[in-house]
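The values are calculated or read from the model by the stated rules, or taken from the named source; none is laboratory data. All values reported here derive from a predicted model rather than from experimental measurement. Please note: Cβ atoms are built from the backbone with ideal geometry, for glycine as well, and neighbour counts cover all protein chains shown. Quick note on the areas: whole protein, heavy atoms, side chains included, nothing else; ligands and nucleic acids left out. Shrake-Rupley method; radii C 1.70, N 1.55, O 1.52, S 1.80 Å.
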Amino acid sequence: MPYPASELVIDPVSIRKYDVSGPRYTSYPTADRFVEAFGEEEFKHWLGKRNIGGIQQPLSVYVHLPFCGTICYYCACNKVITRDRGKSAKYIKYLEREMATVGARLGAPGADARQACQLHWGGGTPNFLAAEEMRALMRSLRAQFEFAPDAELSVEIDPRSLAPGGMALLGELGFNRASIGVQDFDPAVQKAVNRIQSEEVTRRAVAEARASGFRSVNLDLIYGLPRQTLDSFNVTLDKVIALNPERVALYAYAHLPTVFKPQRRIAQADLPAPETKLQLLTLAIGRLTRAGYLYIGMDHFAKRDDELAVAQAQGRLHRNFQGYSTYADSDLLGFGVSAIGRVGPTYYQNAKRLDDYYAAVDEGRLPVWRGIELTSDDLVRRAVIQALACQFRVSIESIELAHLIDFRAYFAQELAALRALEEDGLVELQPDWIVVTPKGRLVVRVVCMAFDRYLRERERRSSYSKVI
């Protein structure tokens, strides 16, 4: 169930102790475990299996739109920085060809295998596209997929480049959820990350979304950015709460300049000290929960009547590549450069470079770069991690029945590791349940990591290499 402020325990000692880098578990295994041995043929094979037996998983669709007009120094997304609008026009045509190739393997138009319950445009900056490009892309999507009447159609928005009437157009195209990037309203922080965005621009985007029939607005925030202070972030939170979004995503900034080149433009000295970063998180959690938002889980807050909160209360919450979702266990078709998808017990990812993506489509190939077919061990661990991340508890009996294992014997090593977390009051190891306590919910990622076999093996290899 979701948790209000009265039940959410903010324990600075535990947060500080367990503030370690780790996966957000939008998939298990995580994308860094995908292999190039899984390619186009394997993806085609599992696409074909969707039509066997007459019963298909629900279908979600993701479209990656990588173009941005300017670069935000903190960004770790796969993007293409350009002011050349012609590049997006070309890209849309390639997306159309990729979707047609995949659609041909899903059965005839109108078939159940083509019905989608969810669509998400991510980026990059999806609203980089011109109005006619958006219309063309949606026509292509509707030519390949039949969206359910109650389908969730969501889009990421950068309000700085939102054209007048842009939200109205997206509403006409069927979108009903918007995720609007804010990060921080403070001018000094915005300058430090090269993202100048006025409160008025953001307010206008939210107002236009509501006027255009969007039933939900999410605002994205980041804590730990350069030049952030408790006072400045408190003002940002004032403005966010005043905008009254249905959801708020609160992400921690991870400074990895050796991995993400734009971050090299951020001075290490400008970053908040670890203690200040912890205080920023504590401040945000307190402000949001007192304002009526429920803590859903990793990074996410929602109003009590929001669909995410309702799904969690009913045990239907799921976690996928877009974060938390109300559509549990749906297959996900990812289109575009670097897009990730899931079909049956597999994950796949498209070519990461734009030139490679274009080359594959030009050659009549699906642009699958890498992926993985899950083993029975992967599947049972994914089920446990999903339950922890989404419900803060795991039914031992349900895992045993679904996967035909003796849970305590199978996860003996993991349960031993959890006892240290139990001693710190983060979990309760009950006879029939593993329960994340109110004290442990803010570090639930660490609880999930205990069941990550790949992570444990990597740490073992690292320890071994240090010995020799």
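Numbers for the structure displayed
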| item | result |
| --- | --- |
| Cβ crowding within 10 Å averaged over residues, with 65-72, 11-18 ranked highest first | 65-72, 11-18 |
| Mean residue ellipticity (222 nm) of the chain, computed from DSSP H runs ≥ 4 via -39,500 (n - 2.57), nearest 500 | -12000 deg cm²/dmol |
| Carbon plus sulfur fraction of accessible area for the chain, probe 1.4 Å, in percent | 53 percent |
| Relative contact order [Cα under 8 Å, 6+ residues apart], the chain, whole percent | 21 percent |
| Positive dipole terminus of the chain, leading residue within Leu354, Ala313, Leu250 (C-beta point charges) | Leu354 |
| ³J(HN,Hα) computed for each position of the range 345-350 - Karplus, 6.51 cos²θ - 1.76 cosθ + 1.60, integer Hz, glycine/proline x | x, 9, 10, 9, 9, 6 |
| Span-rule helices in the chain, defined as complete DSSP H runs reaching 15 Å or more along the axis (Cα) with Kyte mean at least 0.5 | 230-243 |
| Prolate/oblate/rounded call for the range 271-316, Cα gyration tensor, a/c under 1.5 rounded | prolate |
| Nonlocal amide H pairs with Ala151, under 5 Å, H built at 1.01 Å | none |
| Computed lengthening from Arg215 to Gln413, 0.36 nm per intervening residue step minus Cα-Cα distance | 66.8 nm |
| Amide H contacts under 5 Å for Ser179, placed H, 5+ residues apart | Val155, Glu156, Ile157, Asn218 |
| Fraction of antiparallel bridges per DSSP, the chain only, in percent to nearest 5 | 45 percent |
| Nearest-20 debye value, the chain charge dipole, Cβ charges on Lys, Arg, Asp, Glu | 980 debye |
| Normalised contact order of the range 417-459, rounded percent, pairs of Cα under 8 Å and 6 or more residues apart | 29 percent |
| Most to least packed among 151-157, 246-252 [average Cβ atoms within 10 Å] | 151-157, 246-252 |
| Amide H within-cut-off set for Arg370, under 5 Å, with H built and near neighbours excluded | Gln349 |
| Estimated vicinal HN-Hα couplings, Hz - the range 160-176 in sequence order (Karplus 6.51, -1.76, 1.60; Gly, Pro = x) | 5, 10, 7, 5, x, x, x, 6, 4, 4, 4, x, 4, 6, x, 5, 10 |
| Alpha-carbon centroid distance for the pair the range 207-250 / the range 350-427, whole angstrom | 31 Å |
| Heavy-atom accessible area per residue - the range 233-390, 1.4 Å, Å² | 37 Å² |
| The range 313-459: relative contact order in percent, alpha carbon pairs under 8 Å with at least 6 residues between | 15 percent |
| Between the range 252-274 and the range 284-347, the Cα center-to-center distance that results, in Å | 27 Å |
| In Hz, Karplus ³J(HN,Hα) per residue of the range 149-158 (6.51, -1.76, 1.60; θ = phi - 60°; x = Gly, Pro) | x, 9, 4, 8, 10, 10, 8, 8, 10, 9 |
